[in-house]
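Undergrad: Below is the structure I would like to discuss, written out as structure tokens.
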Amino acid sequence: MDAKKIEDIAKQINDSIPAGVKDLAGNMENRIKQILQQQLAKLDVVTHEELDVQQQLLLRLRQRVEQLEQQVQQLQQDQDKPEQL
């Protein structure tokens with residue numbers, strides 16, 4: 001089914017809905033949006049930019065931890081080698 005046909009069906013359904021019901025639906029939609037905005041404002045959320053910054057920081061920290069783990073492993077290997085006189 002193509003998009004044009006779906007759009008035509010949706011328009012026919014919309015046109016068949018009585019005006020009072022449309023107004024009620026519009027009012028309900030506005031109220032729901034208002035409630036959602038109020039509830040979302042209460043949440044502790046971050047912006048996409050802040051998330052990107054934190055992800056980059058985490059990536060750098062992981063890389064640093066891997067580097068340090070390699071250094072520790074090398075030091076342990078060096079310590080385990082028998083000393084040559």
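Undergrad: Along the positive direction of the dipole of the chain (beta-carbon charges: Lys, Arg +1; Asp, Glu -1; about the Cα centre), which of Q79, I17, Q54 reaches farthest?
TA: Farthest along the dipole direction, towards plus: I17.
Undergrad: Report the gain in length on full extension from Q12 to D80: 0.36 nm times residue separation, minus Cα-Cα distance, nm rounded to one decimal.
TA: Additional length available on full extension: 16.4 nm.
Undergrad: Continuing with the same structure: Let's see if you can work this out: charge +1 on each Lys and Arg Cβ, -1 on each Asp and Glu Cβ, no other charges. What is the dipole magnitude of segment 46-85 about its Cα centre, in debye to the nearest 20? It would help to have the intermediate numbers written out before the result.
TA: Values: 4 positive and 8 negative charges, 8 e Å.
Approximately 40 debye in magnitude.
Undergrad: Would you mind putting 64-75, 35-46 in packing order, based on average other-beta-carbon counts within 10 Å, highest first?
TA: Packing proxy ranking, top to bottom: 64-75, 35-46.
Undergrad: Given a Förster radius of 35 Å and the C-beta distance between Q38 and E69 as r, what FRET efficiency does 1/(1 + (r/R0)^6) yield to the nearest 0.05?
TA: 0.15
Undergrad: Estimate the FRET efficiency between D52 and N30 by the formula 1/(1 + (r/R0)^6), using the beta-carbon distance for r and 30 Å for R0, to the nearest 0.05.
TA: Working: r = 33 Å, r/R0 = 1.09.
For R0 = 30 Å, the calculated efficiency reads 0.35.
Undergrad: Might you report the magnitude of the Cβ-based charge dipole of the chain about its Cα centre, with Lys and Arg at +1 and Asp and Glu at -1, to the nearest 20 debye? Mind dumping the intermediate values first?
TA: Numbers: 11 positive and 15 negative charges, 98 e Å.
The dipole magnitude comes to about 480 debye.
Undergrad: Shifting gears a bit: Kindly provide the helix-only [θ] at 222 nm of the chain, computed as the sum of -39,500 (n - 2.57) over DSSP H runs of four or more divided by all residues, to the nearest 500 deg cm²/dmol?
TA: Mean residue ellipticity, 222 nm, calculated: -29500 deg cm²/dmol.
Values quoted throughout were computed directly from the atomic coordinates according to the rules given, and no laboratory measurement underlies them. Only a predicted model underlies this, so the values are computations on that prediction, with no experimental measurement involved. For neighbour counting, all protein chains shown are included, and Cβ atoms are generated from backbone atoms with ideal geometry for every residue, glycine included.
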